[in-house]
1. Identify the residue in the stretch 64-82 that is part of a helix (DSSP H, G or I) and modelled with pLDDT of 95 or more and, among all such residues, is surrounded by the fewest Cβ atoms within 10 Å (Cβ to Cβ).
2. Among the candidates 173, 111, 106, which residue alone is farther than 27 Å from residue 82 by Cα and either touching a strand residue (DSSP E or B) at 6+ places or on another chain (Cβ under 9 Å) or assigned to a strand (DSSP E or B) (or both)?
3. In the stretch 129-144, what residues are touching a strand residue (DSSP E or B) at 6+ places or on another chain (Cβ under 8 Å) and surrounded by 20 or more Cβ atoms within 10 Å (Cβ to Cβ)?
4. Take residue 201 and tell me if it is surrounded by fewer than 14 Cβ atoms within 10 Å (Cβ to Cβ), more than 16 Å from the chain's Cα centre (by Cα) and under 21 Å from residue 84 (Cβ atoms).
5. Among the residues that make up the stretch 230-237, is at least one of them in a strand (DSSP E or B) and either touching a residue at least 12 places away in the same chain (Cβ under 8 Å) or surrounded by 22 or more Cβ atoms within 10 Å (Cβ to Cβ) (or both)?
6. Suppose we filter 90, 42, 51 for residues that are at pLDDT 95 or above and either assigned by TED's automatic domain parsing to the domain that holds residue 187 or farther than 16 Å from residue 223 by Cα (or both); which single one remains?
């Protein structure tokens, strides 16, 4: 074979090998780019999930997922009740030792005379008909800035898990932090209005600049036909733990 032909064939083979190597390098490059793209997409999805999951676990967001929507809860408008009984203690150890039961002006009460000690926490801030505190103790809690959610015993039984979760989540919000109680309603103090199975109460007040004097106060209630975390959120936002005759008390 002539030398020129051999040289030409060799150049052709070298060129072909170079093209093959270049094609291989391009495939490897594309594979690396594809792998990096997939990794970035996975990381982006993980970060997005973490952000959304974290937000959904925030108390002010999580509380809205409990129960029905506000529009489906059949709630009355929030009341503004005349306040009375601030600092008025009755029962054993007081000037009215014979008082064992107070007749309150509203159902449920939002203000009024009360026993000397507020209800002690059971760590859950959730009570059934078997372990609920005295009404007069809970009214003392209201004076300290608590919001109380009372529930009809029959209606609350199938919603126990939701009520317990609501007590847990509401107490983590900034508005009701550690001052939210869920308790079975005691019909010895009157029946909840027809069709209303859940009721919120709060005793609000405006204090003097130095916090030593109550300048104005009122009770607030909202009665509903069904349980709604969204309603609870709106209520405690409007009437937070800091709005009370004695907000600094435990």
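1. By that ranking, first place goes to 71.
2. It is 173.
3. 132, 133, 136, 138, 139, 140, 141, 142, 143
4. No, not satisfied.
5. no
6. None of the others qualify; the one that does is 90.
The values are calculated or read from the model by the stated rules, or taken from the named source; none is laboratory data. Quick caveat, the model's predicted, so the values are computed rather than measured. Here the Cβ is made from the backbone with ideal geometry for all residues, glycine too, and neighbour counts use every protein chain on show.
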